[in-house]
Amino acid sequence: MKVLVIGNGGREHALAWKLAQSPKVQTVFVAPGNAGTAADPKLTNVALTDYVAIADFAQAEKVAVTIVGPEGPLAGGIVDLFRARGLRVFGPTQAAAQLESSKAFAKAFMQRHKIPTAAFETFTDASAAHAYVDEEAVKSGGAPIVIKADGLAAGKGVVVATSLPQAHEAIDWMLSADDNKLGVQHNAGLARVVIEQFLEGEEASFIVMCDGRSVVSLATSQDHKRLLDDDEGPNTGGMGAYSPAPVVTPNVHAKVMHEIIHPTIAGMAKDGIVFTGFLYAGLMIDASGQPRTVEFNCRMGDPETQPIMMRLKSDLCDVLMHATDGTLDAVELEWDRRVALGVVMAASGYPLTPRKGDAVTNLPADAPDAVVFQAGTAPAETGPVTSGGRVLCVTALGDSVRLAQQRAYEVLRGIHFDGAQYRRDIGHRAIKR
Ligand code: AMP
Ligand code: GLY
């Protein structure tokens, strides 16, 4: 059969790579894809980004199932469009995608359904927001405090303010209409901020698949959001990830399912929204093992997908069929017991002004224990060139975090493009345990 992956990042390369391993799959179309998906056997890039054109293509090619990678098309209603045409697609509807596309919606939802998260207030008025920060300063010292722009912002709409002036400054640039430095897509054209309590602990990515009734959890993982080693520098879309995340002990796992995942699916249903697709809870787990939700995403994580797909032994195409038939309860996922670890190589200037057009050379062939997933790359006559912020994710398997890490960096050191930036410490929290 033919399947379709929508998106052009490392996540989509990993999903397409995994789907291509299914003996039932003849072609994986990737719309629009990148240089990596252009080069892989069985994968075919389709130069389409318009939702209607993509649906027309899926219909004409008799695509058996479509999977949507990024949040943009989900928030834009691509699943609703496919369903209206009777096309099989795995993802949340536009209404369900609000869990990610609006922080204000997600926070109000969690409060209403008693899902553990940081205490918060939402503001549209800058002077009220400033006053709230000042009140918090009197009550609890004020900083650190977290200021979030409402609306999709590619991971860049959050400021963890370590001082009060920084908090006030963040409010100003998030709420001033003519100075939207972040490129946040405001909901209903209205700039809004969520101000929330700073949570201490260790983060983990907890991703499940939902068919509208049943839930299957994927292997756990941990992302590295900051640009530089030791979690310094600006927030990014994610500079590396590994799976499994040892911070998610069996006890924490059970709590997350019981206190966060099931109440979220049930809460959405109660509010009249059936949740289908990947549900990704970004967790903060405190020293006592209590998980709280930092954010919801309604898709797979990038770069978490890369190590997760390397560990998945089950046939992803079969799983997607169950997920879109409402029979996920019949699925038991099988995982490689090894650790998978992916290191992102980003372009010069990432995250603010990534440079394009640098030649990417010495890419190795896939090995059984190491695969280079491509993201911001475009095919050129001489080979791939950089075309976006995160360029590659070098992903390897190993019997321990340290061995997976060693293998990933060994492969990474052979690859070259000018100005490449990468962290040297992916996996450090697990190694320190
Ligand atoms: P978000 O886009 O909401 O996931 O936020 C991006 C990053 O900011 C998270 O991955 C955390 O590292 C950090 N962050 C967000 N909210 C909080 C919070 N309430 N307490 C501590 N850190 C936070
Ligand atoms: N890596 C974080 C995310 O995909 O949102």
Which pairs have Cβ atoms under 7 Å, sit 6 or more apart or on different chains, and link a residue in the range 8-25 that is closer than 14 Å to Val394 by Cα to one that is part of a helix (DSSP H, G or I) and away from ligand 2 (no atom under 16 Å from the Cβ)? His13/Gly36; His13/Thr37
Among the candidates Asp223, Asp229, residue that is modelled with pLDDT of 95 or more, surrounded by fewer than 17 Cβ atoms within 10 Å (Cβ to Cβ) and under 18 Å from Arg429 (Cα atoms): Asp229
Is there a residue in the range 281-298 that is assigned to a loop (DSSP other than H, G, I, E, B) and more than 25 Å from Glu100 (Cα to Cα)? yes
Is the range 247-265 home to any residue that is out of contact with any Phe, Trp or Tyr (no Cβ under 6 Å at 6 or more places or on another chain), among the small types (Gly, Ala, Ser), assigned to a loop (DSSP other than H, G, I, E, B) and at pLDDT 95 or above? no
Pick from the range 219-238, criterion among the hydrophobic types (A, V, I, L, M, F, W, C) and in a strand (DSSP E or B), ranking: farthest from ligand 2 (Cβ to nearest atom): Leu228
Of the residues in the range 194-218, those that are buried (at least 23 other Cβ atoms within 10 Å of the Cβ) and in a loop (DSSP other than H, G, I, E, B) come to Leu218
Filter the range 53-88 down to residues that are over 25 Å from Leu99 (Cβ atoms) and not small (Gly, Ala, Ser) and give me whichever is surrounded by the most Cβ atoms within 10 Å (Cβ to Cβ). Val63
The range 289-315 - residue that is within 16 Å of ligand 1 (Cβ to nearest atom) and over 22 Å from Leu333 (Cα atoms) and, of those, surrounded by the fewest Cβ atoms within 10 Å (Cβ to Cβ): Gln290
Would you confirm whether or not the range 132-143 contains a residue that is within 16 Å of ligand 1 (Cβ to nearest atom), touching a Ser or Thr at 6+ places or on another chain (Cβ under 6 Å) and either within 24 Å of Asp80 (Cβ to Cβ) or in a strand (DSSP E or B) (or both)? no
Checklist (1) outside any loop (DSSP other than H, G, I, E, B); (2) within 29 Å of Val216 (Cβ to Cβ) applied to Met345, failing item: (2)
Just the residues that are among the aliphatic types (A, V, I, L, M), assigned to a loop (DSSP other than H, G, I, E, B) and within 16 Å of Leu19 (Cα to Cα), please, taken from the range 42-89. Val63, Ala64
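Considering each of Gly383, Gly357 in turn, give the residue that is in a loop (DSSP other than H, G, I, E, B), touching a residue at least 24 places away in the same chain (Cβ under 8 Å), on the phi > 0 side of the Ramachandran plot and exposed (fewer than 14 other Cβ atoms within 10 Å of the Cβ). First the steps, then the outcome.
On the way: Gly383 fails: exposed (fewer than 14 other Cβ atoms within 10 Å of the Cβ).
After ruling out the rest, the residue left standing is Gly357.
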Would you pick out the residues in the range 1-44 that are among the basic types (Lys, Arg) and either more than 15 Å from Leu316 (Cα to Cα) or more than 18 Å from the chain's Cα centre (by Cα) (or both)? Lys2, Lys24, Lys42
Pick from the range 386-417, criterion surrounded by fewer than 16 Cβ atoms within 10 Å (Cβ to Cβ) and among the basic types (Lys, Arg), ranking: nearest to Gly33 (Cα to Cα): Arg413
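The values are calculated or read from the model by the stated rules, or taken from the named source; none is laboratory data. Owing to the predicted nature of the structure, the values given are computational and were not obtained by experimental measurement. Ideal geometry is used to build each Cβ from the backbone, glycine not excepted, and the neighbour counts take in all protein chains shown.
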